[in-house]
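The values are calculated or read from the model by the stated rules, or taken from the named source; none is laboratory data. All of these numbers come straight from a predicted model, not from anything done at the bench. Neighbour counts run over all protein chains shown; Cβ positions are idealised from the backbone, glycine included. Calculation scope for accessible area: heavy atoms of the full protein, side chains included, ligands and nucleic acids excluded. Shrake-Rupley method; radii C 1.70, N 1.55, O 1.52, S 1.80 Å.
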Amino acid sequence: MTSSIQPSLPLALIVDDDATFRMLSRMSLEQGDLRVEDASSGEAAVAFVSSTMPDIIILDLQMPGMNGFAVCEHIRRLPHGTFVPILIMTGLDDVDSIAQAYERGATDFIVKPCHGLMLSQRVRYMLRASHTMGALRTSESQLAQAQRIARLGGWEWDPANDRMDLSEAACRILGAQPGTIDSTHSTYLACVHDEDRELVSQALHRTIADGTGVDMDHRLIPRDGVNRVVHLLGEVMTDSSAQARRLIGTVQDVTDARAAEMKIYFMANYDSLTHLPNRTLFLHRVGQVLTSGTGSRGAVFVISLDRYHRICDLHGAQSGDDFIREVATRLQQVLAANITVAHPPGADPSILARLNDGQFTLFLANLAVPEDAARVAQNCLEALRIPFQIKSASVVLSANIGIAIPGSDGTEAEQILRNAGTAAQSAARNGSNGYQFYSHTMNVSIAARVNLEQDLRTAVSENQFILHYQPQVDILSEKVIGFEALIRWQHPTRGLISPAEFIPVAEEEELMIQMGEWVIKSVAQQQRIWHKNGLAPTTVAINLSGLHFRQPNLASRVKSLVYTEGGNPQDIELELTESVLMRDAASTTTLLQELKASGFRLAIDDFGTGYSSLAYLEQFPIDTLKIDQAFIKDLKLGKEDSPITRAIVGMGRALKLHIVAEGVETHDQLAYLRLQGCDAYQGYLFSKPVPAQQLQYLLRDRFSDEGSRTRDRSRTRLAS
């Protein structure tokens, strides 16, 4: 074997037992700027390539000892011999040898003998092709490596033939071994999570239909208990007529990326200790609500904890963290129906957030009135007032709450929050465990509301209420046929307070049950007194609130109250509003039947202002229908007709109900009602509500045989 120089040039190895051919071939190849080595036998060639792999090998097949077939096969088994080009030399008619050489790994062949120029050009061509293929393999290797790093795979879908080709990387991402799955669209979809499969299928078909491409995340069927997310990206390839022919794209495993994004989002927008929104997210969410126009009836609270840092100093940072978590839990329990904790944006406009170490903030939407914010603040303070258990110590917390109302206290989220913080500071200066509105007017209103609530509780315990009775009059005879009992509050300093002022507070504070039972007992007592004095029995109507209907055994309870005071259920009519009756119509029917079986008359009060179902109205065991005064006030003979009032009277008569009109104040109203066939009325035209002692003569009139009195004479005696 001989050697040449210039190692930067491509190296060619000539393997032939013919020394003359080796010499001529060397001359031709060296003139073509190649380095040349030669070997006279197959064994020598194998020894050379084992230490130095040439760029190309020119190999004769017919050699003594180890022939060209064996050399070719051996080279292909070497680590670096897979892709080296091998040019075999054979006789013109040696077709079988050529075929066998290809099977053993030959790259090309040339007929021997051959001209030196032809050999040189063939070698240079094969070197260029080898270099190109080497560069391609390098590129593919780099691409495959990059795809592995990026967890990216390729795919191509031919919808016309339903053929979907997946790269090896794509198969691995989908959890399938390359070459083991069918090349169909359905095979890919079979790897998609059940809840996402239909969305992915629709997206792919929509892409083919409109040519817009696909760009979406979806989940894969969990394997080994791991939920994985991939990003599917594709675009349409069209033909010369711009018709969509196939879809080509990538699928990338973005599980870790999405998890990292979620973690970054969480760290940027949520408090790591309580998992509540932080100040940034709170302001963003509140801003969205205000922009949408749904936050005008809301309120922003800032809840400042006293002595938080002292707790940390005394009990340690870990105890301080546990304390904050417990505070968050208590606030969540108080506001369970109105809070979003680590919840997707836009789900609920009510948000509890942590501002800093010792401050929380709350946004509540859809308050009926701004004053309702005071009730929420009070509930929060009461929840935080319960002692906290920190290790072996029982710690009592005090807090202060500031409240700002969107609109009156600012239009921007930042401004409203700042004003709520200012109100919290003001509350702290006025003493611990309190709340304060930013608006002075609201503070005055809330103070009045709190005083009224406290006075009302005192009134219930000290029995400061009295009853007034308003007569119900037969519309034709003008005789008094019954009364409605109306509660009044005789305040020790303010005098007589209107029910319109204290009834809503009593409903909110759930004092109506006690007050309602007091009314029932007082009416029964009054009827017993009238009967004892020999006065005619008469029906008295009593209003029942919706709270009564939530009480178990209502019928037996009311009947017991009446009998205990010496009254008779047949002399009492219980009035209920439409909204109360229709809250749970099925159970209401049963309850009404129980009241009816106990002897009470039943009436629907303020009819026409609720949402009664006519089907249920026919099923309810109702005796009386009372037309709300809202439909009476504008009645006047000679003016426009009132179809609603006329329809109510007509319906009541069709159902054989006793019809009473409320709030009758003019002769025209009375004349219209009489013309329509209304049965009775009550209102200031006959009498305002008056104490029981002023009604005794009317009862005597009913009991005597003096005949009917005129309405004017009755009113004159009432006024005297």
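When the Cα positions of Phe388, Ala336, Leu276 are compared along the charge dipole of segment 270-438, Phe388 comes out farthest toward the positive end, with charges on each C-beta of Lys, Arg, Asp and Glu. In the complete set of protein chains, residue-level accessible area for Ser560 is approximately 60 Å², probe 1.4 angstrom. Ranking Val444, Val519, Met126 by Cα position along the charge dipole of the chain, where only Lys, Arg, Asp and Glu carry charges on their C-beta atoms, puts Val519 farthest toward the positive end.
Grab the Cα-Cα distance for His667 and Asn568, subtract it from 0.36 nm times how many residues apart they are, and report the gain in nm with one decimal.
Full-extension gain reported as 32.1 nm.
Under the criterion of Cα pairs below 8 Å and six or more residues apart, the relative contact order for segment 11-146 equals 22 percent.
Residues in segment 151-260 average 54 Å² of solvent-accessible surface per residue, probe 1.4 Å, ligands and nucleic acids excluded. For the chain, the spherically averaged projection of the C-alpha convex hull amounts to 57.9 nm².
Where the convex hull is taken over the Cα atoms of segment 26-141, what is its projected area averaged over directions, in nm²?
Average of the hull's projected areas for segment 26-141 equals 7.4 nm².
Taking the helices alone, the chain has a mean residue ellipticity at 222 nm of -14000 deg cm²/dmol, built from -39,500 (n - 2.57) per DSSP H run of at least 4 residues and averaged over all its residues. Using a probe radius of 1.4 angstrom, the carbon and sulfur fraction of the accessible surface of segment 151-260 is 47%. Of the listed residues Ser439, Ser556, Ser8, the order by accessible area with a 1.4 Å probe, largest first, is Ser8, Ser556, Ser439. With every protein chain in place, what's the accessible area of Leu24 (1.4 Å probe, Å², nearest 10)? For Leu24, the solvent-accessible surface is approximately 100 Å².
For the chain, find the longest principal axis of its Cα atoms and tell me its angle to the long axis of helix 643-654, 0 to 90°, nearest 10. Rounded to the nearest ten degrees, it is 70. Toward the positive end of the charge dipole of the chain, with +1 on the Cβ of Lys and Arg and -1 on the Cβ of Asp and Glu, the farthest Cα among Gly175, Gln454, Ile221 is that of Gln454. Spatially close Lys pairs in the chain, defined by Cα atoms under 17 Å apart and a spacing of eight or more places or different chains, total 7.
Working note: Karplus 6.51/-1.76/1.60 with θ = phi - 60° gives segment 518-528 the couplings 4, 4, 4, 5, 5, 5, 4, 4, 5, 5, 5 Hz, where Gly and Pro are set to x. Coupling constants for segment 62-69 follow from the phi torsions by the Karplus curve (6.51 cos²θ - 1.76 cosθ + 1.60, θ = phi - 60°), and in residue order they are 9, 9, x, x, 7, 7, x, 4 Hz; glycine and proline get x.
In whole Å, how far is the Cα centre of segment 256-271 from that of segment 351-368? So the two Cα centres are separated by 22 Å.
Scan the chain and report its longest stretch carrying no trypsin sites (Lys or Arg not before Pro) that are both in a DSSP loop and have at most 14 other Cβ atoms within 10 Å. Formally, the longest exposed-site-free interval is 1-390. Backbone phi angles across segment 475-488, fed through the Karplus curve with coefficients 6.51, -1.76 and 1.60 (θ = phi - 60°), yield HN-Hα couplings of 6, 9, 8, 6, 8, 6, 10, x, 9, 10, 7, 10, 7, 10 Hz in residue order; Gly and Pro are listed as x.
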